[in-house]
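Participant: If you scroll down you'll find the structure; I have some questions about it.
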Amino acid sequence: MDADYLPFHPNPRTPAFKVPADAVDAHCHVFGPAAQFPYSPKRKYTPCDASKDQLFALRDHLGFSRNVIVQASCHGTDNAALIDALHTAGELARGVAVVDESITEEELLTMHQAGVRGVRFNFVKRLVDTTPKSVFKNIAAKIRPFGWHIVVYFEAQDLEEIAPFLEELDTTIVIDHMGRPDVSKPVDGPEFQAFVNLMERNPHFWTKVSCPERLTQTPPDYSDVVPFAKYLVERFPERVLWGTDWPHPNMKSHTPDDGQLVDVIPLIAPTPALQQALLVTNPDKLYWQQA
Ligand code: 0GY
């Protein structure tokens, strides 16, 4: 583990908010354990191990029923820890992998059978070396027959450059963490509205209203992030997902309490109908209803 790496919270509180039956934590990771699943030699950080058993214990503690486990950059394109977790979870988890363009149809099929339903394209420069767009296009073509979607991670300042490329991809796109807005700027200001407009003109674009702990400028108070997430939940109720982001890689400001993160949900999705869509219907459609 890196010297300045903050491990995940050892004892998150029990949330006051009771999530609906069959709720999905649609953004979380497993890290290692390194002795069994070594980290990538190309990684930009070395995390604290965070095993599948710890993830599933957290799921139960928070009241969730299912997980979508997303391959993180520290494991590169070796999805072994992810696939192992999916095998253990069976119907209780689905996965998003990171692959390179040499991936074969047979390998994709094996991943599909394990529960993978998407790939992640990471554009965040502190996390990965730049991948040529031609590589992403080749991967997009290879996953199309499987009906998978593409999860994209970028920061707000890169939206303008990346948006035309995303709009060319003829596939469902899921944008991580609301496109990482600068929450010191207004919700109705030009920057966040550029993201909203991208969602508006592309009905096949979804977003995760996740990561208040990363976006806040007033940790551990997340109230500055709430208006952004609430806006998206109310405007695009059928195209939003929510996740803990456990075990919260690369946090610098504080160690988030996952119970506190769950208690943000009723603030961003104030009605039972919005909560049901965000936590059950939407992730179920994207990850469990695809054959
Ligand atoms: C996240 C956020 C981060 C890391 C990764 O793949 C990763 O390593 O996604 C981050 O550092 O912002 O979604 O887990």
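Participant: Students often forget the sequence filter, so: which aspartates and glutamates lie under 15 Å Cα-Cα from K137 once same-chain residues fewer than 8 apart are removed?
Facilitator: Answer for K137, where 15 Å is the Cα cut-off: D100, E101, E167, E168, D170, listed by chain and number.
Participant: Where Lys and Arg each count +1 and Asp and Glu each count -1, what net charge lies around W206 among other residues with Cβ under 11 Å from its Cβ?
Facilitator: The answer is +1.
Participant: Using modelled backbone amide H atoms (1.01 Å from N, in-plane), which distant-in-sequence or interchain residues come within less than 5 Å of L241's amide H?
Facilitator: Here T207, K208, V209 satisfy the definition.
Participant: Another question about this same structure. Output the peptides 102-110, 17-25 sorted from most to least packed, where packing is the average of other Cβ atoms within 10 Å over each peptide's residues.
Facilitator: In descending order of packing, they fall as 17-25, 102-110.
Participant: Contour minus end-to-end for F17 and V135, with contour as 0.36 nm per residue of separation and end-to-end as the Cα-Cα distance?
Facilitator: 38.2 nm
Participant: Students often get this wrong, so check it: of K42/K208; K52/K252; K208/K252; K133/K230; K18/K42; K18/K285, which have C-alpha atoms separated by over 29 Å?
Facilitator: K133/K230; K18/K42
Participant: Local charge sum around L261 (other residues, Cβ-Cβ under 12 Å, Lys/Arg +1, Asp/Glu -1)?
Facilitator: Combined, the nearby Lys, Arg, Asp and Glu give -4.
Participant: Of W206, W246, F154, which is farthest on the positive side of the dipole of the chain, counting Cα position, with +1 on Lys and Arg Cβ, -1 on Asp and Glu Cβ, and the Cα centre as origin?
Facilitator: Working it through, the farthest residue towards the positive pole turns out to be W206.
Participant: Scan around V151 for amide H atoms under 5 Å from its own, H built in the peptide plane at 1.01 Å from N, and keep only partners 5 or more places away or cross-chain.
Facilitator: V119, R120, F121, V174
Participant: Could you give the length gained by full extension between L109 and S184, i.e. 0.36 nm per residue of separation minus their alpha carbon distance, to one decimal place?
Facilitator: That works out to 22.6 nm of additional length.
Participant: Apply the Karplus curve 6.51 cos²θ - 1.76 cosθ + 1.60, θ = phi - 60°, to the phi angles in segment 124-140 and return the couplings in whole Hz, x for Gly and Pro.
Facilitator: Values per residue, Gly and Pro as x: 7, 5, 6, 9, 9, 5, 5, 9, x, 4, 4, 5, 4, 5, 4, 5, 4 Hz.
Participant: Across segment 13-22, in residue order, what do the Karplus-derived ³J(HN,Hα) couplings come to in whole Hz, using 6.51 cos²θ - 1.76 cosθ + 1.60 with θ = phi - 60° and x for Gly and Pro?
Facilitator: These are the phi-based 3J(HN,Hα) values: 6, 6, x, 6, 6, 8, 6, x, 4, 6 Hz.
Participant: Grab the Cα-Cα distance for R201 and E101, subtract it from 0.36 nm times how many residues apart they are, and report the gain in nm with one decimal.
Facilitator: Here the segment from R201 to E101 would lengthen by 33.1 nm.
Participant: So, one more: What's the FRET efficiency of T271 with E91 using the Cβ-Cβ distance as r and R₀ = 22 Å, to the nearest 0.05?
Facilitator: 0.20
Participant: Let me check I've understood the local charge: for T14, count other residues with C-beta under 12 angstrom from its C-beta, Lys and Arg +1, Asp and Glu -1. What total comes out?
Facilitator: Taking every Cβ under 12 Å from that of T14, the sum is -2.
Participant: Whole-Hz Karplus ³J(HN,Hα) for segment 27-41, in order, using 6.51 cos²θ - 1.76 cosθ + 1.60 and θ = phi - 60°, x for Gly and Pro?
Facilitator: 8, 7, 9, 10, 10, x, x, 4, 5, 9, 10, x, 6, 5, x
Participant: Can you give the percent of C-alpha pairs in the chain whose distance is more than 27 Å?
Facilitator: Tail fraction, whole percent: 35.
Participant: For the chain, what does the helix formula give at 222 nm: sum of -39500 (n - 2.57) over DSSP H segments with n ≥ 4, over the residue count, nearest 500 deg cm²/dmol?
Facilitator: Only helices count here, giving -8500 deg cm²/dmol.
Participant: Just to verify a number: FRET efficiency for Q289 and D4, C-beta to C-beta distance, R0 = 45 Å, to 0.05?
Facilitator: 0.60
None of the figures in this text is laboratory data; all of them are computed from the coordinates on show. Keep in mind that what you see is a predicted model, and the values were worked out from it rather than measured. Using ideal geometry, Cβ is built from the backbone for each residue, glycine included, and neighbour counts are taken over all protein chains shown.
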